[in-house]
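These notes are about the structure you will find just below.
Every read-out reported here was derived from the displayed coordinates using simple, explicitly stated rules and does not represent laboratory data. Note that the coordinates shown come from a computational prediction; the quantities given were computed from them, not determined experimentally. Glycine also receives a Cβ, built like all others from the backbone with ideal geometry; neighbour counts cover every protein chain displayed.
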Amino acid sequence: MSNAKEVLALEDLRYKAMIANDVAALEKLFHPDLIYTHSSALVDTSTSYLEALRSGKTRYKGAERFEEKVRIYGDTALVTGRAQMQVELGGQPKAIKLRYLVVWTKTPQGWKFVGWQSTPLAG
């Protein structure tokens, strides 16, 4: 499997785990140095992001991805695209449309999710 296909397969796993609230599966995908910048500009670390899921503060109900493109630069993969997400934040439903940049890095343990940056889209 090519690196790009492998990274997209890992993105599929990551989204499925987010929607299933499978924190254990996400922990296996996450790099300890993860920086997750939400479309609201809130920044999480691996620890704080997983705790928000564990506690129920954040619940992903659904997500669709569009226009995904993978670029590989050595041991770094950049994934760009658009997404629509249905999330419950503190018990309040929210629909989010955004553009994103995902960063994966290849480690001795395989590809690890190390960065997320998203920007909200109007409408």
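A few notes on this one:
- For segment 1-121, the number of Lys pairs separated by eight or more positions or lying on different chains, with C-alpha atoms closer than 12 Å, is 4.
- For the pair LEU13 and ALA122, a Förster radius of 25 Å applied to the C-beta separation gives a FRET efficiency near 0.25, rounded to the nearest 0.05.
- Taking the inverse of the mean reciprocal distance over all distinct Cα pairs, the Kirkwood hydrodynamic radius of segment 57-123 comes to 13.2 Å.
- Across segment 3-120, the mean sequence separation of Cα contacts (distance under 8 Å, 6 or more residues apart), normalised by length, yields a relative contact order of 26 percent.
- Here the sum of -39500 (n - 2.57) over DSSP H runs of 4 or more residues, divided by the residues of the chain, equals -9000 deg cm²/dmol at 222 nm, to the nearest 500.
- Inverting the pair-averaged 1/r between distinct Cα atoms of segment 1-84 gives 13.8 Å as its Kirkwood hydrodynamic radius.
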